[in-house]
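Visitor: Mind looking over this structure? Questions follow.
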């Protein structure tokens, strides 16, 4: 797979592809073409844009998005789209493409209100299970946790921002974009109310997850996230960090360790076995898979609600 290494490399690639007569089918027959970086961006644009947009998602279904590498065809698709909707510092190859397309790129970071630190609370000091982020194989999330979409209220703010971006660029459809965003915001508000009601007064406050993707979820609904791995799912915790986490689970009598879709479950299952906990599966919604309990965001979040209610012993 191709990883662009800055604007010059991207420009060279695009010139070569154009000279070879390469084309893209990203636009289809749609009036407005939008490329998105991963599933939450794709779903938001689909909900806002409706029939007026043709959406191409750079992260294919079932793929883990953190280490996305763009193919030459995808780089060309980005260059030919009317818009690129993405989250900066989440997928470096997309950041490179965004630099190249300039004003066509829209970063949702400000709307997402990324205000939780990338480094969660630790039990094991420098070798903690959630402290191996930084720049992992060239992948740097920056200083803030990027997983905002697991808080529906932050996701709703991003939906509104996307609607305004499209409305300003395509005023002939502004009313549709804003109306669609308002409809989806209502769905997200209803979802948030369901989550707040369903997850109130839970017996277990510690949410032990496969990787540190659930900080905004935990912050919104009154939990404390403890993760097996850090922000990047394939980050390897140290043996001492694993032992420390097992001890914490036993000391706090935590009943459930949450594995995830898109991430191998072996380590979570080992920790659960050695600590006497059970394993349940949460979906971080970075991308839908065949294992996702639902066909779209709200359905999967409701499934997560049911899973957490049982695992955290909520009434």
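Visitor: Consider residue 104 carefully, then state whether it is touching a helix residue (DSSP H, G or I) at 6+ places or on another chain (Cβ under 6 Å), modelled with pLDDT of 95 or more and over 17 Å from residue 65 (Cβ atoms). Steps first, answer last, please.
Guide: Numbers: touching a helix residue (DSSP H, G or I) at 6+ places or on another chain (Cβ under 6 Å): no; modelled with pLDDT of 95 or more: yes; over 17 Å from residue 65 (Cβ atoms): yes.
Judged against the criteria, residue 104 is not a match.
Visitor: Same structure, new question: I'm checking my understanding of the structure. Among residues of the stretch 271-291 that are more than 21 Å from the chain's Cα centre (by Cα) and in contact (Cβ under 8 Å) with a residue 12 or more places away in the chain, which one is nearest to residue 235 (Cα to Cα)?
Guide: Step one: filter the stretch 271-291 for residues more than 21 Å from the chain's Cα centre (by Cα), giving 271-279.
Cutting the leftovers down to in contact (Cβ under 8 Å) with a residue 12 or more places away in the chain gives us 271-272, 274-279.
Details: 271: 16, 272: 19, 274: 21, 275: 21, 276: 24, 277: 22, 278: 23, 279: 20 Å.
Per the criteria, the residue is 271.
Visitor: Looking at residue 176, is it under 16 Å from residue 300 (Cβ atoms) and outside the structural domain of residue 293 (by TED's automatic domain parsing)? Give the derivation first.
Guide: Numbers: under 16 Å from residue 300 (Cβ atoms): no; outside the structural domain of residue 293 (by TED's automatic domain parsing): yes.
When the stated conditions are applied, residue 176 does not pass them.
Visitor: Which residues, taken from the stretch 236-259, are outside any helix (DSSP H, G or I), under 24 Å from residue 150 (Cα atoms) and modelled with pLDDT of 90 or more?
Guide: Step one: of the stretch 236-259, the residues outside any helix (DSSP H, G or I) are 236-238, 252-259.
Now restrict to residues that are under 24 Å from residue 150 (Cα atoms): 236-237, 254-259.
Scanning the stretch 236-259 gives 254, 255, 256, 257, 258, 259.
Visitor: Here's another thing I want to ask about it. Please tell me if residue 191 is crowded, with 18+ Cβ neighbours inside 10 Å and closer than 28 Å to residue 118 by Cβ. Give the derivation first.
Guide: Numbers: crowded, with 18+ Cβ neighbours inside 10 Å: yes; closer than 28 Å to residue 118 by Cβ: yes.
Criteria met by residue 191.
The rows are residues; the columns are (1) at pLDDT 95 or above; (2) in a loop (DSSP other than H, G, I, E, B); (3) surrounded by 21 or more Cβ atoms within 10 Å (Cβ to Cβ); (4) within 23 Å of the chain's Cα centre (by Cα).
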{"position": "4", "(1), (2), (3), (4)": "no, yes, yes, yes"}
{"position": "46", "(1), (2), (3), (4)": "yes, no, no, yes"}
{"position": "60", "(1), (2), (3), (4)": "no, yes, no, yes"}
{"position": "70", "(1), (2), (3), (4)": "yes, yes, yes, yes"}
{"position": "75", "(1), (2), (3), (4)": "yes, no, yes, yes"}
{"position": "88", "(1), (2), (3), (4)": "yes, yes, no, yes"}
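Visitor: Could you tell me whether the stretch 185-199 includes any residue that is assigned to a loop (DSSP other than H, G, I, E, B), under 22 Å from residue 258 (Cβ atoms) and touching a residue at least 40 places away in the same chain (Cβ under 8 Å)?
Guide: Taking the stretch 185-199 as the starting set, the residues that turn out to be assigned to a loop (DSSP other than H, G, I, E, B) are 199.
Narrowing the set further to residues that are under 22 Å from residue 258 (Cβ atoms) leaves 199.
Subset that is touching a residue at least 40 places away in the same chain (Cβ under 8 Å): 199.
Yes, some residue in the stretch 185-199 is assigned to a loop (DSSP other than H, G, I, E, B), under 22 Å from residue 258 (Cβ atoms) and touching a residue at least 40 places away in the same chain (Cβ under 8 Å).
Visitor: Given the condition within 30 Å of residue 47 (Cα to Cα) and surrounded by 15 or more Cβ atoms within 10 Å (Cβ to Cβ), answer yes or no: does some residue in the stretch 248-258 qualify? Lay out the reasoning, then the answer.
Guide: Here is the first cut: in the stretch 248-258, the residues within 30 Å of residue 47 (Cα to Cα) are 258.
Cutting the leftovers down to surrounded by 15 or more Cβ atoms within 10 Å (Cβ to Cβ) gives us 258.
Yes; the residues of the stretch 248-258 include at least one that is within 30 Å of residue 47 (Cα to Cα) and surrounded by 15 or more Cβ atoms within 10 Å (Cβ to Cβ).
The values are calculated or read from the model by the stated rules, or taken from the named source; none is laboratory data. Keep in mind that this is a model prediction, so the values were computed, not measured. When we count neighbours, we look across all protein chains shown, and the Cβ atoms used for this are built from the backbone with ideal geometry, even at glycine.
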